[in-house]
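*Asks:* The following block contains the structure, expressed as structure tokens.
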Amino acid sequence: MTQSLDALLDQLIERKDIHSAIMSVASGDGTFKWSGARGVMSPDGPPVTPTTPWFVASITKLFIASVVMRLVEQGELALEDRLVDRHSPDITHGLHVLDGKDRTGQITIAHLLGHASGLPDYIEDYPKKQRKDLADRRSLVEILVEDGDRDWSLEDTAQWVRERLTPHFVPQALDGKRVRIRYSDTNYQLLVGIVETCRKAPFPRILQDLILDPLALKNTWFSGHYQGAGPEPAVPVLYAGADPINIPRFLTSIGDMNATCDDLISFFRAVVQGRLFEQDDTWRRMQSPAHRFSFPTDRGALRQPGWPIEYGLGVMGFQLPRLFTPFKPMPKVVGHTGSTGTWLFYAPEPDLYLAGAVSQVTAGAVPFKVVPKILQSVGQRPRT
């Protein structure tokens, strides 16, 4: 079994443009653990190891959602709270205008958590064709890769969405039979702002108080907010294709985290086993009801999660359709991925946690190809 995982890691590092790969698999009952790493930290740097921290990208959303749900448990927030009641008008005015009608007032915290707001993604989306007045029609991620680093604020996100982008659909009726969802980083930037306004503190401090300190996660931190002794640890360089990219100011600004595989699995084990939340049904509420992403065809959706992935409240659900696994169905997994080829999943059957990263911005689909192979490799492990 471990030989099979080592071979899978070898295949992963041999893929074009992947310069580092780190993976870990652990059973929920603690009877099995495997970790491996291949590649180097940077073009001329030392090798990565299984304990090397890495940029987790949108796995951060699972932490953000967990913080929001903690505040819901404590009565400081409610899923039905409206965005406009939890943010200043400077942020919210005219944020969701579709066909000439402003629907920003319909957006709730639940819409943001479940990607049901219809708001465009400020990082990936392109200006609509009708915005012929815009000379620069690149997405923000293209501008960052091609033009270089910059600071970025929630105010910048709101202005970018308001002036350059168009909502994809109206905020959805969440109790409807067919709920349309579309992945949008804008939703979670707004959630961070809501939490900061609610607690009157910066989000890294709130996360430290509600999750990192209670779970003793010493190797998880926001860029620029390292709490350990000594300097902030290095993480593997991010690549865009064959070229390394260096955008520390932007990454620090938007608040995505760095962590080790061990810390991520410890965090998720606490979520799944009910040790993080105060109420028994909070984890269940995050998973259900989950709605399935559709098949968007525009350029902005190419690196985003799509069919057959489901999304609850900050939680992805993924299972290959039986058509693709006719002889041995793939177990369903829940968790989250990131656009730089990162993943954190739990497979209830056979009770396994999986974490990993390849630190490549063109590798957003890699987790959905690798995770089924991992499960195939370890799915027949002996159970105690």
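The values are calculated or read from the model by the stated rules, or taken from the named source; none is laboratory data. Note that the structure is predicted; figures quoted are calculated from it, not measured. Cβ coordinates were reconstructed from backbone atoms using ideal geometry, including for glycine residues, and neighbour counts include every protein chain displayed.
*Asks:* For the range 22-53, give me each residue that is touching a residue at least 12 places away in the same chain (Cβ under 8 Å), part of a strand (DSSP E or B) and farther than 15 Å from P244 by Cα.
*Replies:* I22, M23, S24, V25, A26, S27, W34, S35, G36, A37, R38
*Asks:* For S66, state whether it is of a type in the set (S, T, N, Q) and surrounded by 16 or more Cβ atoms within 10 Å (Cβ to Cβ).
*Replies:* yes
*Asks:* Looking at (1) out of contact with any Lys or Arg (no Cβ under 7 Å at 6 or more places or on another chain); (2) without any contact (Cβ under 8 Å) to a residue 24 or more places away in the chain; (3) on the phi < 0 side of the Ramachandran plot, which is the only condition G100 fails?
*Replies:* The single condition G100 does not satisfy is (3).
*Asks:* Being more than 22 Å from the chain's Cα centre (by Cα) and over 16 Å from R103 (Cα atoms) is the filter here; which residues of the range 164-189 pass it?
*Replies:* Passing the criteria: R164, D175, G176, K177, R178.
*Asks:* Further question: Is it the case, given these coordinates, that P350 is more than 30 Å from P236 (Cβ to Cβ), part of a loop (DSSP other than H, G, I, E, B), over 14 Å from the mean Cα position of the chain (by Cα) and not β-branched (V, I, T)?
*Replies:* Against the criterion (more than 30 Å from P236 (Cβ to Cβ), part of a loop (DSSP other than H, G, I, E, B), over 14 Å from the mean Cα position of the chain (by Cα) and not β-branched (V, I, T)), P350 does not qualify.
*Asks:* Could I ask something else about it? Working only within the range 77-108, note down all residues that are crowded, with 20+ Cβ neighbours inside 10 Å, within 18 Å of L165 (Cβ to Cβ) and hydrophobic (A, V, I, L, M, F, W, C).
*Replies:* If the condition is that a residue be crowded, with 20+ Cβ neighbours inside 10 Å, within 18 Å of L165 (Cβ to Cβ) and hydrophobic (A, V, I, L, M, F, W, C), then L83, I91, L95, I107 are the ones that fit.
*Asks:* Residues to consider are E155, E142, E124; find the one that is surrounded by fewer than 20 Cβ atoms within 10 Å (Cβ to Cβ) and modelled with pLDDT under 95.
*Replies:* E142
*Asks:* Continuing with this model, one more query. Consider the range 159-180. How many of its residues are in a helix (DSSP H, G or I) and among the aromatic types (F, W, Y)?
*Replies:* Qualifying residue count for the region: 1.
*Asks:* Given the condition surrounded by fewer than 20 Cβ atoms within 10 Å (Cβ to Cβ), polar (S, T, N, Q) and assigned to a helix (DSSP H, G or I), answer yes or no: does some residue in the range 227-243 qualify?
*Replies:* Within the range 227-243 (the criterion being surrounded by fewer than 20 Cβ atoms within 10 Å (Cβ to Cβ), polar (S, T, N, Q) and assigned to a helix (DSSP H, G or I)), the answer is no, since none of the residues qualifies.
*Asks:* So is F268 farther than 27 Å from E142 by Cα, under 18 Å from the mean Cα position of the chain (by Cα) and of a type outside the set (S, T, Y) or not?
*Replies:* When the stated conditions are applied, F268 passes them.
*Asks:* In addition: Looking at S223 and the list (1) surrounded by 19 or more Cβ atoms within 10 Å (Cβ to Cβ); (2) more than 30 Å from E278 (Cα to Cα), which single condition is not satisfied?
*Replies:* (2)
*Asks:* Any chance the range 196-209 includes a residue that's farther than 22 Å from P248 by Cβ, acidic (D, E), in a loop (DSSP other than H, G, I, E, B) and without any contact (Cβ under 8 Å) to a residue 24 or more places away in the chain?
*Replies:* No, the range 196-209 contains no residue that is farther than 22 Å from P248 by Cβ, acidic (D, E), in a loop (DSSP other than H, G, I, E, B) and without any contact (Cβ under 8 Å) to a residue 24 or more places away in the chain.
*Asks:* Another question about this same structure. Return the residues of the range 303-340 that are of a type in the set (F, W, Y), out of contact with any strand residue (DSSP E or B) (no Cβ under 8 Å at 6 or more places or on another chain) and modelled with pLDDT of 95 or more; say none if nothing qualifies.
*Replies:* Hits for the range 303-340: nothing passes.
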